[in-house]
Structures are given as structure tokens and as C-alpha cells.
Amino acid sequence: MSNLPVEPEFEQAYKELASTLENSTLFQKFPEYRKALAVVSVPERIIQFRVVWEDDQHQVQVNRGFRVQFNSALGPYKGGLRFHPTVNLSILKFLGFEQIFKNALTGLSMGGGKGGSDFDPKGKSDNEIRRFCVSFMTELCKHIGADTDVPAGDIGVTGREVGFLFGQYRKIRNQWEGVLTGKGGSWGGSLIRPEATGYGVVYYVEHMIQHATAGKESFAGKRVAISGSGNVAQYAALKVIELGGSVVSLSDSQGSLIANGDASFTPEEIDLIAALKVDRKQISEIATSAAFSAKFKYLPGARPWVHVGQVDVALPSATQNEVSGEEAEALIAAGCKFIAEGSNMGCTQAAIDVFEAHREANQGAAAIWYAPGKAANAGGVAVSGLEMAQNSARINWTAEEVDARLKDIMKACFQNGVDTAKEFATPTEGYFPSLVTGSNIAGFTKVAAAMKDQGDWW
């Protein structure tokens, strides 16, 4: 990796995977996999292009567009599009790299990729967003297709943007195909897709809790800290409440909303925040209202982790590197037992090291159990894969059918991580095996074996 340009996010994702493989017995048993790691860490293709569009003042604007087509050994490239001013190649390479192994863990036929633009949808009119999407897709459509590359939404890309993008693709290519996921329900979308990532991370943690307590406990009665207030956080919060837990925090890029004392969010309050986010507004705009200020405290510029008090579960669901080493220590001190990433690479390496060290030193009731995003938040792309299947067959499954399949996928994802960790981890691994080790090795070996069969390395 030393000869690469400075790409901190990608280097972090690569080192997290590589160190896990090195510290397991994988390379001892299969030394040839070192070559596979070198090959899989280089994208098959990177596409970069300019996006020229006109704002409402008739001024020409220009942004950068990207698509990182990282690996197609298991199927078409699959991964979201992110519209955010921080987007750059390092972030998209990290997201695409993680996506390879996340998609492998779903058991579905999907490769890994990611894309987006440094365009900021906040403060833009619908017409400006439409014009940007038209220009963006005019170039991107040359490089994607239902059997080539199937993007989805991500930060800044909601159902509205997916609609504009899909419409332009259909017009230019003169064909209707399942080329984007997260589509509208009446034109190829899947039920449960908006909810899937949030629901999926909760289903995954439910298996963690049941495994750790031999089936004696569930989310019922658990205090759950959640960061973010977008799609993932909203639906994770609603599912936690449905399962009997209490949600004590939500946040956005400007600050955190923390429940006072034994208070917790209700579904109605989460719906109000969801409506706010549809209009791309900040939580601060309702935090001072009488209904919220009496029950919650708003902390501008703060993340929730050191402010939530006693919690049982933490679900980072905002963005990458949102839990530091110090915040990880604070969560442990607050009694948190289960941490699972709803966001991609939500924890810094320092935080992961804290959680993993505590797990190894405290097996049994005192253990902390951490689940990486490539496993815990795989529900979103899993249902995207199910949307692709429905599009190919020109059918629609019921919400119950999709939800049942999602639950099965998350259960298999969890069990695969546990079983693989037990097979390849060091002798210190016990009742709480490392889900980092298990998930990384399970995803990596599946992709590497397919690449070897196809002659990508030998």
C-alpha cells in the first residue's frame, strides 16, 4: 500500500481487513491468499467525469462525478451513489472496498462498487437537483446496466434523486431495466427497501443478544443509543421500539438530541424528525419546540456517545469514523454491551481496538461485542439484491415475503461470522468470537475463491 497516493479512508479500510487476516490463521492455512489480497485491493475500474448543470439563476455549475467499479467476481458491481461535498476518491474507494465483502456476506450474486459526486443537495431546489441528476446520469449511463453495474442511493441520494436518475437512464438507453435500486414502488421498487438497512442492523443485533444470553434476552427493556437521523437511523429506531427497546438519542451533522432521564423517543417523534429530513432541515429546528425541549436536551456540535448515560446497545448510523477511541471507552463505562455499525466504518480503528480488547479480556457476562458495518448493515444491499431479482422476473413480493428473506439473510450473515471466527481465530477466542475476524474472513475468502476460479489470481 505504500506506493499509493494518500487516501486515508481507503487505507484505513484496507488495513482493517488486512490486519484481521494477518492476525488470524488464514494465511498460515492458505498462504496463497496473500496474493488474492493484493489483487482484490485494486479496483477493476475507476471512472471520473465532470458534471455540468445550470442553477436557478441560470449560472453554469460544475461538479465531479465518480464510479469505482471495484470487483465483479460474484456479480454486477453493486453499491450506492453518494452526493455530498466531502465525496472524493478515497472515500468512494473505502466504501467500494467494504461493499465487496458486505455483498459477499449477503449470499446474493453481487459484486462491489460505489460512486457519487461532490454535489451538495442541501439548499438546492427540486429543479436544480433534477438538472444535476440529468447531467450526472448522461455520463454515468455509459458505464452501468442491469448486468454490469447497479447503483443505489446513499447519503444525499433519496428516492427523489433515484427517480430523476432512472428517468434519464431510461430516456437515453431507450430501455427499462433494473439498473438502479431504491426505485419507487410503482415502477420497480421493492417493499421494505427504505427500511432495510435500519431493520437489518436491529435483526443482526437481536441475534447477538440472543447468542450472548443463550436466548434469555432480547431488545425488550434495552436502552439503545443511535446516531444519525436519516433513513438508517429512523428505521432502526422504529424497529427497536417495536421490539420493546427504548431509543435515547438521535443526531445529525449539527448536533445531538438526547432523551432526559428515563424518557425515550416515540414513533410519532421519529416521524416528525423524518419529515424534517425530507425537507433537508436540521434537528435543531425542532429541538427548542415545547414538545421536544421538555423531553430532550439538544447538544449543538456534539455526538451522542458520551452524553447518553447508561445504555445497553449503541448503533452508529450516521457516517464513517463517528466513534473515537475515547467515545468507545465512554460507552463501555456506560454499560454498553453491544455495538453494531449502521453506518459504513462508523468506528475508528482506535474504537474497534478498544471494543475488541475488552471482548478478549472479558468473556461471558462482562463482554463487549462489536459488529462491523460490512456485516451488521448488509440488510440494505441485501434487499437491493432482492429488488434486482424481482425486476429480472418482473414480479413483486409482498412486504412480508421481503422482510422474511431479510431476516434469513441477517441471521445467516451473523452465523457465518461466528462460525468463521471460530475456525480461523486465535485460541483466545471463546463464547464471544470476534465478529470482525469472522465477517472479514468469510467475505474475503468467498470473493477470493471466485476470483481464483475465474483466473484473476493463481
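The values are calculated or read from the model by the stated rules, or taken from the named source; none is laboratory data. As the structure is a prediction and not an experimental result, all values here were calculated from the model. Cβ: placed from backbone, ideal geometry, glycine included. Neighbour counts: every protein chain shown. Note: areas computed on protein heavy atoms with side chains; ligands, DNA, RNA excluded. Shrake-Rupley method; radii C 1.70, N 1.55, O 1.52, S 1.80 Å.
Here are some notes:
- Taking 7 Å steps out from each Cα toward its Cβ at Trp176 and Thr398 produces label points 2.5 nm apart.
- Magnitude of the charge dipole, the chain, Cβ model with Lys/Arg +1 and Asp/Glu -1, debye to 20: 820 debye
- Among the chymotrypsin sites (Phe, Trp or Tyr not before Pro) in the stretch 119-198, those located in a DSSP loop and surrounded by at most 16 other Cβ atoms within 10 Å of their own Cβ are Trp176.
- Summing charges over neighbours of Gly153, with a neighbour being any other residue whose Cβ is under 14 Å away from its Cβ, gives +3 when K and R count +1 and D and E count -1.
- Label-point separation in nm, Arg64 to Ser218, each point 7 Å along Cα→Cβ: 4.9 nm
- If R0 equals 25 Å, the separation of the Cβ atoms of Ala290 and Glu326 corresponds to a calculated FRET efficiency of about 0.15.
- Probing with 1.4 Å while keeping every protein chain in the model, the per residue accessible area of the stretch 104-169 equals 31 Å².
- Short-range pairs are left out: with C-alpha atoms under 8 Å and at least six residues apart, the relative contact order of the chain is 17 percent.
- Number of Lys pairs (Cα under 23 Å; 8 or more positions apart or on different chains) in the stretch 1-121: 14
- With both residues required to sit in the chain, DSSP beta bridges show an antiparallel share near 60%.
- Two-site FRET efficiency, Val52 against Trp187, from Cβ-Cβ distance with R₀ of 45 Å, rounded to 0.05: 0.95
- Amide H contacts under 5 Å for Ser190, placed H, 5+ residues apart: Gly182, Lys183
- Counting only residues at least eight positions apart within a chain, or on another chain, the aspartates and glutamates with an alpha carbon under 12 Å from that of Lys407 are Glu206.
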